[in-house]
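In what follows, a structure is listed as structure tokens, so that the remarks can point back to it.
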Amino acid sequence: MTLVVPFNNLRHRVDRHRVALDAAYGAVADSGWLVLGEHVANFETAFAEFVGVEACVGVANGTDAIELALRGTGSGPGSVVATAANAGGYAASAIRSIGATPVFVDVDPTTHTVTVDSLTPALEAGVDALVVTHLYGQLAPDIAAIADLCLEHNVVLVEDCAQAHGAQRDGRTAGSFGAAAAFSFYPTKNLGALGDGGAVCGGSEVAARVRSLRQYGWSAKYTTDSVGGRNSRLDELQAAFLLAMLPSLVAENAERVAIANRYLADITSSHVELPTIAAPQHVAHLFVMQTDHRDELREYLSSHGVSTDVHYPIPDHQQSVVAENATVSLPVTEELARRSVSLPCYPGLDIQAIDHVIACINDFDPDGAGT
Ligand SMILES: *Cc1c(COP(=O)(O)O)cnc(C)c1O
């Protein structure tokens, strides 16, 4: 019988936290207070402390968090915002939703993130803001230098930390380098809710603006005085679930890194190129390899019960909705979109499953019929 290894298994995370989640539900139900109450406030305080910033504002999801982080730091209609095109399109979507224009820059072939070198031409040409995505769990290695470069060019730096909860560099945590940072708590993220959720982290002034923007632009009930306000709140229930799971985040990140390290140590196939995953800068949100035989490899693994995914198959600048950037050429981004393939990597993935994935990849022969 073939071992079945799903790409992710959210049942694992619910099961392992079940007692705390049930208690969290009970506390919210008992309180009778369902929107913007003590659980959201307590989670915001705890998460701001975890990230090492003054404030955190819970919002409805990670894409809203990018949007509100941009608006809260001064971007709006007509702004020009630089970002990478290999990170799933979330930043581009948020940039467009505020009436701003994305400018796509290429990424480094090894780290898959933007770098000082890849950004400099765009920053010199003049942009208002920059969204840096800490991709696959890795805090962009250049982030401190990028923050300095942004200051020099008067560009607002927003970090997209949706894949990098808890990643650290020189004692600083992802989300503490920019003017604001966006987090997603979508269920598959390293810290995931039982539904949608997100947060904006930053200083107290940015947080105050985002607090108003997430609730219709109100300064007080029924008093609207921020332009660009909307409804994007984090539910009490999701905040209570997140509070219950936050204490396990560091240990669960370590579990992900341990799985990645098994892959790195034992995958020996010459048909794949392995990533570099060094904790604590990398929290192994995704294990992404490169290969010239992606379709064959995925099909082969699938026939042996192993599910894979591609993060991401279509670069932002090549999406059909993107007219303005159709002529942009981003060679590294385009090559990554052709060659990337992601393996299962999540807390609860057991040893037999990991061994099976490794054995299958090491047996893979694109020139033979496969075994
Ligand atoms: C998941 C993700 C988002 C979006 O989060 P949602 O909560 O799904 O809106 C943004 N950026 C990156 C890099 C992501 O992985």
*With the Cα gyration tensor of the range 222-333 in hand, give its eigenvalues times 5 under a square root as the equivalent ellipsoid semi-axes, listed largest first in whole angstrom.*
34, 27, 14
*Which values, in whole Å and largest first, are the semi-axes of the equivalent ellipsoid of the range 273-363 obtained as the square root of 5 times each eigenvalue of the Cα gyration tensor?*
28, 16, 11
_Test item: Cα-centred dipole of the range 89-181, Lys/Arg +1 and Asp/Glu -1 on Cβ, debye_ = 320 debye
*Quick one: Debye curve from the C-alpha atoms of the range 234-291, no solvent, what's log10 I(q)/I(0) at q = 0.27 Å⁻¹?*
-1.06
*Can you pull out the trypsin sites (Lys or Arg not before Pro) in the range 149-256 that DSSP calls coil and that have at most 12 other Cβ atoms within 10 Å?*
K221
*Could you grab the relative contact order for the range 280-368? Cα pairs under 8 Å, six or more apart, rounded to a whole percent.*
45 percent
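Over all directions, the average projected area of the alpha-carbon convex hull for the range 81-216 comes to how many nm²?
Values: hull surface 33.6 nm².
Approximately 8.4 nm², given one-decimal rounding.
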*Stick to Cα atoms and the Kirkwood definition of Rh, then tell me Rg/Rh for the range 201-252.*
1.13
*Using the per-residue mean of other Cβ atoms lying within 10 Å as a proxy for protection, in what order, highest first, do the peptides 13-26, 60-73 fall?*
60-73, 13-26
*At R0 = 25 Å, FRET efficiency that the Cβ-Cβ distance of E54 and T223 yields, to 0.05*: 0.50
*With the dipole of the chain worked out from charges on the C-beta (+1 for Lys and Arg, -1 for Asp and Glu) around the Cα centre, which of I98, A167, P344 lies farthest toward the positive end?*
I98
_Pairwise centroid distance, computed over Cα atoms, of the range 286-304 with the range 318-357, Å_ = 11 Å
*Tail fraction, Cα-Cα pairs, the range 29-144, threshold 24 Å, whole percent*: 36 percent
*What base-10 log of the normalised intensity I(q)/I(0) is obtained for the chain from the Debye formula, alpha carbons as equal point scatterers, at q = 0.11 Å⁻¹?*
-0.76
*asked:* Suppose only helical runs count, i.e. DSSP H with n ≥ 4. What mean residue ellipticity at 222 nm does that imply for the chain under -39500 (n - 2.57) per run, divided by all residues and rounded to the nearest 500 deg cm²/dmol?
replied: -12000 deg cm²/dmol
*For the range 270-325, state what percent of all Cα-Cα pairs lands in each successive 5 Å bin, counting from 0 Å until the bin that includes the largest distance.*
4, 14, 17, 19, 17, 15, 10, 3, 0
*asked:* No solvent, one uniform scatterer per C-alpha: report log10 I(q)/I(0) for the range 66-134 via the Debye equation at q = 0.22 1/Å, two decimals.
replied: -0.88
*asked:* Can you list residues from other chains, or at least 5 along the same chain, whose modelled amide H is less than 5 Å from the amide H of A55?
replied: G202
*Which whole-number percent gives the relative contact order of the chain, counting Cα pairs below 8 Å spaced six or more residues apart?*
23 percent
*Please report, in debye to the nearest 20, how large the charge dipole of the range 75-231 is about its Cα centre when each Lys and Arg carries +1 at its beta carbon and each Asp and Glu carries -1 there.*
800 debye
*What are the semi-axes of the equivalent ellipsoid of the range 39-85, taken as the square roots of 5 times the eigenvalues of the Cα gyration tensor, listed largest first and rounded to whole Å?*
25, 11, 10
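Read the figures in this text as sums done on the coordinates, not as results from a lab. Here the structure is a predicted model, which means the values were calculated and not measured. Neighbour counts run over all protein chains shown; Cβ positions are idealised from the backbone, glycine included.
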